[in-house]
1. For segment 9-113, with the dipole built from +1 on Lys and Arg beta-carbon atoms and -1 on Asp and Glu ones, taken about the Cα centre, which of A80, P67, T13 lies farthest toward the positive end?
2. What does the charge count around A104 come to, taking other residues whose C-beta lies under 12 Å from its C-beta (Lys +1, Arg +1, Asp -1, Glu -1)?
3. Determine the gain in length on full extension of the stretch L25-A102; use 0.36 nm per residue of separation and subtract their C-alpha separation, reporting nm with one decimal.
4. What's the local net charge at V45, with K and R +1, D and E -1, over the other residues with C-beta under 12 Å away?
5. How far is it, in nm, from the label point at R40 to the one at A61 when both lie 7 Å from their Cα along the line to the Cβ?
Amino acid sequence: MSPAPAATPTALTAVRALWGTTLLLAPRRLLHTAGHPPTRAAVAVLRVLGARHIGQAAVTADAPLRPALRWGAAVDALHAATGLALAAASPRWRRAALLDAAVASGFAVTGLGARPRHRDTAGAAPRSRR
């Protein structure tokens, strides 16, 4: 059995932007699906997280090279860790925090495994050396 192909930064960026947009536009529906009341604070947290994902998608779309992907994966790993800490600390928010940590973990693992595309240098003017 051959290993699964690595995700491309473009695919990762598209999924992240879609997830961020969903968090921004439908936080109440997501909270309801997770079994939580859509309190003002919870809706605000999901919208902030959505804005973070959209911002991160924009950064990795503009600079899809290995360092940007690794920094993004580190941010996602930290996000997953805080979700796990919240799940351990708050039985009330455990389910939502575990779901959020799972999504953040998926982004972290995918970001580390993504193969950055190389900029096309065909036809580019040669760099001058000083």
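1. A80
2. On the way: positive: R16, R52; negative: D76, D100.
Value of the local net charge: 0.
3. Numbers: separation 77, 0.36 × 77 = 27.72 nm, distance 2.06 nm.
That works out to 25.7 nm of additional length.
4. Details: positive: R40, R47, R52; negative: D100.
Net charge around V45: +2.
5. With each label placed 7 Å out from Cα toward Cβ, I get 3.2 nm.
Laboratory data are not the source of any read-out in this text; all were calculated from the coordinates shown. Since the structure is predicted, the reported quantities are computational estimates derived from the model, not experimental observations. Every residue, glycine among them, receives a Cβ derived from its backbone with ideal geometry; neighbour counts consider all protein chains shown.
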